[in-house]
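Notes for the one structure printed next.
Values quoted throughout were computed directly from the atomic coordinates according to the rules given, and no laboratory measurement underlies them. These numbers were taken from a predicted model, which means no experiment stands behind them. Glycine also receives a Cβ, built like all others from the backbone with ideal geometry; neighbour counts cover every protein chain displayed.
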């Protein structure tokens, strides 16, 4: 409406123009005769007050009048004065135009086809983007995890990196999202955006990390569903935190796209296991387990330790490269002819067999995303309590997931999950033999949990004993 008015196509009725207006259309003599003969005191007083207040101009000009003011002068209710003026209008004595109460416009030019309307579209677009940016800034203010006064100061251009007012809800809140959770979700978001190497809509990023399949392609992301236990609001708080730290940048416009800054790009994949490629965890885990079985059988055959036959780091490189020929296998760093003579052909056959059956095997053994994310945290040496807090599930559930991980990847390190003394006591009881976890629990101090026992029992079960 504003842009159409500026272009001269319409005119909005101003508050001044909305006032009541009146003009006496009777001649003076006829009006004197009406006043002398009428028996209606309110009509008579109304005419006399109009003449006294507006003089002779009211005979020639439509005058703006105030019903409220005139009613006080006459000494009657506003509704009664309104009725009197309407009656005078109906008698043809005056022309009374009541005010327009609603928003009103009228065309200030002849009607124009919409195709021929000429507007300042550049100004319209700039106005839209400016309004959108203001709205985005307000939304960011709501979801910021920083001091709110710091956000306001930053908005107006002040450099207040470490400022805290100590009084706002964020500075005084006891239930704010933990710093460890902020770091955890930030890592997931950074790696999700980096996976496509181009900006993603903010709404899509949130749906991907929360495991919402708006599009079928979302499920292909490595970190799909890894933050499913966090709410939209919590993820938005973390996003705002990342924006304030300039780890991500957000574009304007209708769809807000999130892209990595140089600082954010430096942090991607910083906590992933060195031996695991970002998008190939399941495949490598399964193949590594298979090749370890080949090595174990060869060690029994040649009466040599598994490490001497082929060290773990070399076997992991074989898994990474997946060679198909003798030359390719010998091209793996650390793999020599001595190793090939003993287990080379067996490794190549296992790799070939795995490649042929890879799809069906993956369907049968596919590790769920939630377990994969627990593995990532385990590889980063988070404690059991920390993993449970970050995943927002109980330690008992995490212990079951770690049990599955140890079945697939028995070389995983778990000693940092608990204190050394507890580990020793549990292992000693396990070595004595047991029929159930319950039996083990009864033989151990009450402060040792089922989660600890389950994990160490799995480690003992799946780790080859020398």
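Sequence gap at least 6, Cα distance under 8 Å: using those rules, report the relative contact order of region 119-229 to the nearest whole percent.
Values: 78 pairs, mean separation 16.6, N = 111.
RCO, region 119-229: 15 percent.
Across bins of 10 angstrom width beginning at 0, how are the C-alpha pair distances of region 179-267 distributed, in whole percent?
Bin by bin from 0 Å, the calculated values are 18, 57, 25, 0.
Just need the Rg to Rh number for region 303-457, please, alpha carbons only, Kirkwood Rh.
On the way: Rg = 19.3 Å, Rh = 18.2 Å.
Using only Cα positions, Rg/Rh for region 303-457 is 1.06.
With Kirkwood's inverse mean 1/r over C-alpha pairs for Rh, give me the Rg to Rh ratio of region 64-157, two decimals please.
1.32
With 10 angstrom as the radius, rank 119, 390 by how many other C-beta atoms surround their C-beta, starting from the fewest. Could the numbers behind the result be given before it?
Values: 119 12, 390 23.
Going from sparsest to densest Cβ surroundings: 119, 390.
For residue 436 and residue 301 in one chain, what is 0.36 nm times their gap in residues minus the Cα-Cα distance, to one decimal in nm? Don't skip to the end; give the middle numbers.
Values: separation 135, 0.36 × 135 = 48.60 nm, distance 3.35 nm.
Stretched out fully, the residue 436 to residue 301 stretch lengthens by 45.3 nm.
Can you tell me the relative contact order of the chain? Whole percent, Cα pairs under 8 Å, sequence separation 6 or more. Let's see the in-between values first.
Details: 482 pairs, mean separation 46.3, N = 466.
Across the chain, relative contact order equals 10 percent.
Please rank 51, 260, fewest neighbouring Cβ atoms within 10 Å first, as an exposure proxy.
The fewest-first ordering by Cβ neighbours comes to 51, 260.
Rounded to the nearest 0.05, what FRET efficiency do residue 336 and residue 203 give with R0 = 51 Å and r taken as the Cβ-Cβ distance? Could you check? The partial results should precede the final answer.
Numbers: r = 53 Å, r/R0 = 1.04.
Given R0 = 51 Å and the Cβ-Cβ separation, E is 0.45.
I want to verify the translational diffusion coefficient of region 394-466 in µm²/s; compute it with Stokes-Einstein, Rh as the Kirkwood radius over Cα pairs, at 10 °C and 1.306 mPa s. Don't skip to the end; give the middle numbers.
Working: Rh = 12.3 Å.
The diffusion coefficient I find is 129 µm²/s.
Which ordering of 400, 138 is given by a fewest-first count of other beta-carbon atoms within 10 Å?
Numbers: 400 18, 138 9.
Fewest-to-most Cβ neighbours within 10 Å comes out as 138, 400.
I'd like the projected area of region 19-97, averaged over all directions, using the convex hull of its alpha carbons. Report it in nm² with one decimal.
Numbers: hull surface 18.1 nm².
Taking the Cα atoms of region 19-97, their convex hull projects to 4.5 nm² on average.
Could you tell me what % of all Cα pairs in the chain have separations over 43 Å?
Values: 53397 of 108345 pairs.
For the chain, the share of Cα pairs beyond 43 Å comes to 49 percent.
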